[in-house]
Amino acid sequence: MANSLTVKITEDGRRNAIATLIGVVDTADMNVPSAIALANFVNNDVQLKLKGLSLRTVRYSVTEGLSVLLAWNGNTPELMCALSGSNEMDRRTDGGYPPNMLASGYDGNINLTTDGFVAGRVYTFTVDLWMTKKYSK
């Protein structure tokens, strides 16, 4: 079997977006640039341009021994969150966790990498991301 990643967008509204990442890691650590592509979301404001996604809440379950790292894509990817175990991280009271849209090479996509793979083991993860769409002129 080979590593697999499924990405499902379950909400794509004017302001809110929800995406689920489901992965099986059985070959080597994953490195998936643009695992969540901004182009897969609808620009719901004809007056503005969809520029990115701000993290509000993440719920996750990751097999012990593996870490899942999410980062906003750019020339130097900006780490969004590092996940291991099972839990929820809620950034709503902070107003969400936005990307640095001025970073060199920023394009609004979200990268996924894993760390901790050991040959002979199979790891799984499920990550639910609640995000807010960010627009600009």
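No value in this document is a laboratory result; all are computed from the given coordinates. Bear in mind that the values here come from a model prediction, so they are computed numbers and not experimental data. Reconstructed Cβ throughout: ideal geometry from the backbone, glycine too, with neighbour counts over all protein chains shown.
Extension gain, ALA82 to SER104, is 5.7 nm, computed as 0.36 nm per intervening residue step minus the present C-alpha separation. Taken over the Cα atoms of the chain, the convex hull encloses 99 Å³ per residue. If you keep only loop residues by DSSP, which GluC sites (Glu not before Pro) in segment 28-99 have at most 14 other Cβ atoms within 10 Å of their Cβ? Counting only loop positions with at most 14 other Cβ atoms within 10 Å, the GluC sites (Glu not before Pro) in segment 28-99 are GLU64.
Cross-link partners for LYS8 among the lysines, with Cα-Cα distance under 22 Å and sequence neighbours closer than 8 places in the same chain left out: LYS51, LYS133, LYS134.
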